[in-house]
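Before any comments, here is the structure.
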Amino acid sequence: MGRVSVPVPPGPYAAPTPRASDPTVLSTGQVVPRQAMPVAEVGDSFSVDLAAAPQVLRELRAARDQLMQIRREALALGKVDPGTNDDVSRDAATVLGSIAVGGPGSLLVAVEGGMQRIDELVSAIESELRDYASSDAGQVARFDARS
């Protein structure tokens, strides 16, 4: 017996968008389980040598730029056209899209999390450098006042 495909109109009955952690259901009915990558634990503190801080900031900004490029590529992967209307191509495009931009566990969420963490690190280093410069200037002023 053949299959009948009935399009679902948009609205509350439309199928939900696949997520990165959802099992893949192929057009044959086969279910392929998937597991989203766990989020790595990060430490709450770090130290940076003052002399190395400018280089660390440059490297962090370069890493963020690379992540921004990967983010653009992930968005493009989320919109892959299957090219043909066969089941295998449609399944592949759906799976690739969900892995690329399908919510928690997807490439997009991981990359955006990395970008956010880098932004936080840059802000923390810049804040510490400002605090150090302010403290240093205060010490110089006190020293000059005693002279």
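For this structure, a couple of remarks:
- Interchain or long-range residues, amide H under 5 Å from Thr24's placed H: Val32, Arg34
- Between Val32 and Arg58, the modelled label-to-label distance comes to 4.4 nm, taking each label 7 Å out from Cα in the direction of the beta carbon.
- Maximal additional length on extending the Asp119-Asp65 stretch stands at 18.3 nm, based on 0.36 nm per residue less the C-alpha distance.
- Summarising the overall dimensions of the stretch 63-147 from its C-alpha atoms, the Rg and Dmax are 23.7, 85 angstrom.
No lab work stands behind these numbers, since they all come straight from the coordinates. Remember, it's a predicted structure, so these values are computed and weren't measured experimentally. All Cβ positions, glycine included, derive from the backbone under ideal geometry; neighbour counts span all protein chains shown.
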